[in-house]
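Everything on this sheet refers to the single structure shown next.
The values are calculated or read from the model by the stated rules, or taken from the named source; none is laboratory data. Since the structure is predicted, the reported quantities are computational estimates derived from the model, not experimental observations. Methodologically, a virtual Cβ is constructed for each residue, glycine included, from the backbone with ideal geometry; neighbour enumeration extends over all protein chains shown. Ligands, DNA and RNA are excluded from the accessible area calculation, which covers all protein heavy atoms including side chains. Shrake-Rupley method; radii C 1.70, N 1.55, O 1.52, S 1.80 Å.
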Amino acid sequence: MSDFAERPRTKKKTSKGKKKKGASGGNVAGTLAAIVVLGGIVAGAIALGQYLSRPPELQPIARSPWPPPAEMPREQLFGDHPGEAVVPYESSNYGFPLRRRFCDPWIRLSNVRSDPPKSSEREVKFDLEVVTPAPPGIRAQLHIELPPQAGEGNLAMPFSFHLYRIGGLEEALRRGRGTVTLQIPTDRPGKDGPLTLDGMEIYMLTIISSGSFPRQPQFKVSPSVFFGGGGRLHSPREWTEEEVGLITGRTKNTPSPRQVP
């Protein structure tokens, strides 16, 4: 037979079985990995659910700094009044607000303005900035003194809160700054003409409520600003010795004042 004669062909062995075995092993490993990852996700979800469902931790309640410790010196009871002088006590200015306490907030008011009157209502705006925030248990309040009105004598008078609406005050105090809007009705049925606002004084107070005083102690915690022309300034005044004892609770047989929340 010639060397070039065709030799019978033999079938080559395939490794299909091995490939199938290898593919099967890879599928098993992938499945195990997926189970591990899924288990981690489930465990994480359970832990997150437990964290979110647990009750919040109670925070310690901060105490009001007033009344002050009995050993605090008298000169440390008071705070400063930038931009306004503290006047001495006299019987003629008994109705003036007291100088602020060391723990009272300090607030700056500015840019008093008004839009054109709308029928029988006037809108007055001013800007408010909290320089020193109020500690727990002490809250600042708005106070307005109207100028003398026709037929009402020559004295300025406090403006009752129910006579006007306030917008933006609480938000400005909470955020530390903002614009406050007063909507003031100016009709005065049966009076001599509409309500006069020129010379209206605006300032902030903190107040102590107690039955130990002939009137509630009011502490001025902002300089005054005026709408329109200048009005009568209610300066902060010094405390009398009797007021020091009563307001601090140091006077014997006198209960400590209860702070308005």
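Observations on the model:
- 3J(HN,Hα) along the stretch 73-88, derived from phi through the Karplus expression 6.51 cos²θ - 1.76 cosθ + 1.60 where θ = phi - 60°, amounts to x, 4, 5, 8, 6, 10, x, 7, 10, x, x, 9, 7, 8, 8, x Hz, with x in place of Gly and Pro.
- Using the Cβ-Cβ distance between ARG232 and TYR89 with R0 set to 22 Å, the FRET efficiency from 1/(1 + (r/R0)^6) comes to roughly 0.75.
- Taking the stretch 101-146 and dividing mean pair separation by its residue count, relative contact order in percent (alpha carbons under 8 Å, at least six apart): 42
- Ligands, DNA and RNA aside, GLU201 has an accessible area near 0 Å² when probed at 1.4 Å.
- Database remark: amide H of VAL131 closer than 5 angstrom to the amide H of TRP106, ILE107, ARG108 (H placed geometrically; neighbours at sequence offset of 5 or more, or on other chains; Pro and chain starts carry no H).
- Sequence of PHE126, PHE102 from largest to smallest accessible area, 1.4 Å probe: PHE102, PHE126
- Here's how it looks for SER224: its modeled amide H is under 5 Å from none belonging to a residue 5 or more places away or on a different chain.
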